[in-house]
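Working notes, structure below.
The values are calculated or read from the model by the stated rules, or taken from the named source; none is laboratory data. All values reported here derive from a predicted model rather than from experimental measurement. Ideal geometry is used to build each Cβ from the backbone, glycine not excepted, and the neighbour counts take in all protein chains shown. Each accessible area value is taken on the protein alone, full model and side chains, heavy atoms only, with ligands, DNA and RNA left out. Shrake-Rupley method; radii C 1.70, N 1.55, O 1.52, S 1.80 Å.
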Amino acid sequence: MTRFIFITGGVVSSLGKGLASAALGALLQARGYKVRLRKLDPYLNVDPGTMSPTQHGEVYVTDDGAETDLDLGHYERFTGVASRQSDNVTSGRIYSSVIAKERHGDYLGATVQVIPHVTDAIKEFILADLHDEDFCLCEIGGTVGDIESLPFLEAIRQLRNDLGAENCLFVMVTLLPFIKSAGELKTKPTQHSVKELLSVGIQPDMLLCRAERTIPESERKKIALFCNVKPECVIEALDVDTIYNVPVKYHEQGFDEQVVRYFKLPVDPKPNLMPWKNIVQRVREPEGEVTIAIVGKYTSLLDSYKSLAEALAHGGIANNVRVNLKWMDSQVFESPDTLHHLEGVDGILVPGGFGERGTEGKIRAAQFAREQKIPYFGICFGMQLAVIEAARNLGGVPGATSSEFGESDSAVIGLMTEWIKGNQTEVRKSNGDLGGTMRLGAYPCEIRQGTKAREIYGADSIHERHRHRYEVNTTYRPQLEKAGLVFCGMSPDGQLPEMIERKDHPWFIGVQFHPELKSKPLDPHPLFRSFIAAAVQKARLV
Ligand code: GLN
């Protein structure tokens, strides 16, 4: 049967619980176990899809088309296990299902309450869609003490009784702040957080303590005594220079060993962490460096582009170079004489985005990349805007725009109202709901022979993940081809342009999907590998 590890957080938010869960998943995998990772988010949105990325970070999309929390990206990158809709739930989704059942009359006259109806729905979610996994790691979003997380904590408390303590482990991630004037790491906030968790009936079995300094033995013992855990279950989690070192560091601290001991599983053989060590080595000792400008709108919160930043780093790992990211607000390029900020970069990337603000700046950045022969990678919105640029400046469509910005008779990018998913037709209206209605998840794409895209993928049929409402309008195909754009990837029915490239440029590729979502440190995505290789080429030429 599947064993459950519940990961909660105390003291402050942003402790990297997601990363901690992902790294523990990778360690258990390296010990030969099959894992699944899940995230339970206490907020009331049904999913993060309608939230601004500057609020809650990137929206991570799964193959099966769920819009999920960015932590699922960490899980996939560290374990390679593809996440599913059933791996992320929010209070909003739980309450919607409970209320729908109530309206349907499924509760047979009962008063519908948080306990047991909401908590039962949470437990059902945790236990659903598991098959032969040895471990299911469930991260509870938020910080212990938040009002919203109470039903989730109550549900996992009950589950430990339902499934038996031998099948459930509680890990709490906490912070030991370092107080400079005292020269000490402080344990009191951790003690208080554990107390808070105890007040809802949960005694953590293990504490993962984030700290900037080594935890002295005396402090470890103190934490163990006051928090009622074994000293060896107080795990030190120091800051690291690269996140790919986290599994190795946790292992050195005995995290995975204590976990398998808890479940009475064999401690030996030790996991093979060579693949992670190799990555760390490559990150620490690159043979060169390149600078990539990312021209976007959500640069105030870098979590908005989490997977993208990671995928670029993976491209660097594959090419043995450090990738310096130059985050640039696209609106800068809307003022005259600003393009010089892009001089000297080895590649320009325009990522996904929504809405008109800042688009003229992105279009100018795409034009600059095209004219200066700087490697250009346009992702989703970045492809659409590169198409608009080509249509305006080379294709004889001076008013080219996207219908996302309003009605126009030159909508080179238009609203998608109908498309095929599997063997079904999806239909949308322009005034429909915004939540969960984009073209979402994995779709096939066929790549034309003789194109750069074909060479990069080494395959003629691929699957990539989508999240968009608009698409290149193929009625403009003749003008766009005249403008030098090659339609190198199309949906199998030939209706939807998925990839474009230019023949008159060293590396100019736009993709309608999000390749960054599938890149992994142990398996860098071919497009990022190739883009960084082109940037290396460019850097060596100048
Ligand atoms: N705003 C564009 C669309 O909806 C692009 C979306 C994106 O970049 N993810 O089609």
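Quick notes on this structure:
- Among the conditions (1) outside any strand (DSSP E or B); (2) within 14 Å of the ligand (Cβ to nearest atom), Gly399 misses just one, which is (2).
- Members of segment 402-420 found to be away from the ligand (no atom under 16 Å from the Cβ) and more than 19 Å from Glu360 (Cβ to Cβ), listed by number: Asp409, Ile420
- Some residue of segment 389-396 being of a type in the set (Asp, Glu), in contact (Cβ under 8 Å) with a residue 24 or more places away in the chain and in a helix (DSSP H, G or I): yes
- Answer residue from segment 62-88, given it is in a strand (DSSP E or B) and in contact with a Ser or Thr (Cβ under 7 Å, 6 or more places away or on another chain) and is farthest from Glu464 (Cα to Cα) among those: Asn88
- Filter result for Val259 (open to solvent by 40 Å² or more (accessible area, probe 1.4 Å) and among the β-branched types (Val, Ile, Thr)): no
- The residue list Ile456, Ile462, Ile447 contains one member that is touching a residue at least 60 places away in the same chain (Cβ under 8 Å), away from the ligand (no atom under 16 Å from the Cβ) and not charged (D, E, K, R), which is Ile456.
- Exactly one residue out of Gly344, Gly355 is within 16 Å of the ligand (Cβ to nearest atom), part of a loop (DSSP other than H, G, I, E, B) and more than 18 Å from the chain's Cα centre (by Cα), and it is Gly355.
- Looking across segment 422-444 at every residue that is part of a strand (DSSP E or B) and more than 16 Å from the ligand (Cβ to nearest atom), the one that is surrounded by the most Cβ atoms within 10 Å (Cβ to Cβ) is identified as Pro444.
- Enumeration of residues in segment 502-541 that are farther than 26 Å from Leu440 by Cβ and either part of a strand (DSSP E or B) or within 16 Å of the ligand (Cβ to nearest atom) (or both): Arg502, Phe508
- Of note, Tyr470 satisfies the criterion of being aromatic (Phe, Trp, Tyr), within 13 Å of the ligand (Cβ to nearest atom) and touching a strand residue (DSSP E or B) at 6+ places or on another chain (Cβ under 8 Å).
- When Ile363, Ile374 are checked against the criterion of being among the hydrophobic types (A, V, I, L, M, F, W, C) and either within 12 Å of the ligand (Cβ to nearest atom) or assigned to a helix (DSSP H, G or I) (or both), a single residue qualifies: Ile363.
- Within segment 162-216, the set of residues being part of a loop (DSSP other than H, G, I, E, B), buried (at least 22 other Cβ atoms within 10 Å of the Cβ) and of a type in the set (A, V, I, L, M) comprises Leu176 only.
- In segment 373-385, the residues that are at positive phi form Cβ pairs under 8 Å with partners that are near the ligand (Cβ under 10 Å from one of its atoms) and of a type in the set (D, E, K, R), at six or more places apart or across chains, as follows: Cys380/Arg467.
- Looking only at residues in segment 9-20 that are in contact with a helix residue (DSSP H, G or I) (Cβ under 7 Å, 6 or more places away or on another chain) and either open to solvent by less than 10 Å² (accessible area, probe 1.4 Å) or free of Cβ contacts under 8 Å to residues at least 24 places away in the same chain (or both), the one that is farthest from Leu127 (Cα to Cα) is Gly10.
- The residue pairs whose first member lies in segment 96-114 and is assigned to a helix (DSSP H, G or I), whose second member is of a type in the set (Gly, Ala, Ser), and whose beta carbons are closer than 8 Å, counting only pairs six or more residues apart or on different chains, are Ser97/Ala121; Val98/Ala121.
- Any hit, segment 478-490, residues being touching a residue at least 24 places away in the same chain (Cβ under 8 Å), under 29 Å from the mean Cα position of the chain (by Cα), over 20 Å from Leu527 (Cα atoms) and open to solvent by 70 Å² or more (accessible area, probe 1.4 Å): no
- Selection over segment 115-161 of residues that are of a type outside the set (Val, Ile, Thr) and either without any contact (Cβ under 8 Å) to a residue 24 or more places away in the chain or part of a helix (DSSP H, G or I) (or both) gives a count of 20.
- Members of segment 364-421 that are over 21 Å from Phe508 (Cα atoms), open to solvent by 10 Å² or more (accessible area, probe 1.4 Å) and aliphatic (A, V, I, L, M): Ala411, Leu415, Ile420
- Residue under evaluation Met499, criteria (1) within 16 Å of the ligand (Cβ to nearest atom); (2) under 28 Å from Ala22 (Cβ atoms), criterion not met: (2)
- Some residue of segment 10-18 being at pLDDT 90 or above, out of contact with any Phe, Trp or Tyr (no Cβ under 7 Å at 6 or more places or on another chain) and within 16 Å of Val89 (Cα to Cα): yes
- Options Ala311, Ala318; residue that is away from the ligand (no atom under 14 Å from the Cβ), more than 29 Å from Leu15 (Cβ to Cβ) and within 21 Å of the chain's Cα centre (by Cα): Ala318
- Single residue of Arg84, Arg36, Arg3 found to be within 25 Å of Asp433 (Cβ to Cβ), among the basic types (Lys, Arg) and open to solvent by 10 Å² or more (accessible area, probe 1.4 Å): Arg84
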